[in-house]
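Visitor: Take a look at this one; I'll ask things after.
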Amino acid sequence: MGKFERAFEAHEEVDDEILAVAYSPATGSVFTGGNSGVIRKWAFWGVRVQEAEFEGHEDAVICFAVDGNFLFSGSVDCTVRIWETTRGYELKVVRVHDVTVQALLVISDSGFVASCAGDGRVVFWDPKIGQPEVATLQTYAQPEEFRALAYVSLNHTILVGCESGKIISFPLPDNMGGGDGDELPQALSGLQTPPSTRGKDEGYESLNLLGRLKPAAAT
């Protein structure tokens, strides 16, 4: 068993478990979020030093994404908040989901953001830093509960991890440097897929090891 290098108590409240952690190379800081909805900024090197607290979320913070001096935080309160991390102020509140925001991802090629939620929707949006509103670029939907995101730069696709045990890939929208927009999303799953709490796998043509899905509904 490997040994950890160091450990410190970041959230001292008994019921404030750490649900999200991120590192910012731009500031050399670590950010933690949990049940309290408060985001804490920590000095990464040396002794434990809390540098700041970011308050604004009304419920637990469960995911982060970092882009330069900007921190994106997703919450059970159904919002994404964008923070300027050097001075610690909130830039804007983003409302593109109606349920808990499960995962966030900054597309490195463009600076655009992808977010997913338990309602089976992946939303691509332009944060438009310096402007009051964001711009929604594309929404994909499937009868799944989405949990995690990853970006594959090799073929410009987004991988989405599902509660059911599947991984679904979506092409980037045309205006984000992706493909022609006509590709079918692909589902990768085991031979026996754990049942989804949605109860049905409606909309799927195949549940084989490498299956094809019907085209994602785009809005």
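None of the figures in this text is laboratory data; all of them are computed from the coordinates on show. Keep in mind that this is a model prediction, so the values were computed, not measured. For neighbour counting, all protein chains shown are included, and Cβ atoms are generated from backbone atoms with ideal geometry for every residue, glycine included.
Visitor: Can you put 16, 174 in order, fewest other beta carbons within 10 Å first?
Guide: In increasing order of surrounding Cβ atoms, one gets 174, 16.
Visitor: Still on this structure: Quick one: 144, 53, fewest Cβ neighbours within 10 Å first, how do they rank?
Guide: Ordered from fewest to most neighbouring Cβ atoms within 10 Å, 144, 53 come out as 53, 144.
Visitor: Would the stretch 1-95 count as rounded, prolate or oblate if I go by the C-alpha gyration tensor, calling it rounded below 1.5 in a/c and otherwise prolate when a/b exceeds b/c, oblate otherwise? Provide the component values of the computation, followed by the final result.
Guide: On the way: a/c = 1.87, a/b = 1.31, b/c = 1.42.
Taking the square roots of the gyration eigenvalues as a ≥ b ≥ c, the stretch 1-95 is oblate.
Visitor: To the nearest 20 debye, what is the magnitude of the charge dipole of the stretch 1-138 about its Cα centre, counting +1 on the Cβ of each Lys and Arg and -1 on the Cβ of each Asp and Glu? All intermediate terms of the calculation are to be shown ahead of the outcome.
Guide: Details: 11 positive and 21 negative charges, 99 e Å.
For the stretch 1-138, the charge dipole is close to 480 debye.
Visitor: Could you tell me which of rounded, prolate or oblate describes the stretch 66-136, using a ≥ b ≥ c as the square roots of the eigenvalues of the alpha-carbon gyration tensor, with rounded for a/c under 1.5 and, failing that, prolate when a/b is larger than b/c and oblate otherwise? Could you put the intermediate results ahead of the total?
Guide: Numbers: a/c = 1.69, a/b = 1.39, b/c = 1.22.
Because a/c hits 1.5 or more and a/b exceeds b/c, the stretch 66-136 counts as prolate.
Visitor: Order by neighbour count: 172, 91, fewest other Cβ atoms within 10 Å first, most last. Provide the component values of the computation, followed by the final result.
Guide: Details: 172 25, 91 17.
Least to most surrounded, the residues fall as 91, 172.
Visitor: If I model a spin label as a point 7 Å beyond the Cα along the Cα-Cβ vector, how far apart are those points for residue 18 and residue 53 in nm?
Guide: Roughly 1.8 nm, to one decimal.
Visitor: Rounded if a/c is under 1.5, else prolate if a/b is larger than b/c, else oblate: which is the stretch 109-158, with a ≥ b ≥ c the root eigenvalues of its Cα gyration tensor?
Guide: Working: a/c = 2.46, a/b = 1.30, b/c = 1.89.
Oblate shape, in that a/c is at least 1.5 and b/c is the bigger or equal ratio.
Visitor: Given points 7 Å out from each Cα along the Cα-Cβ axis, report the residue 152 to residue 128 separation in nanometres with one decimal.
Guide: About 3.2 nm separates the two model spin labels.
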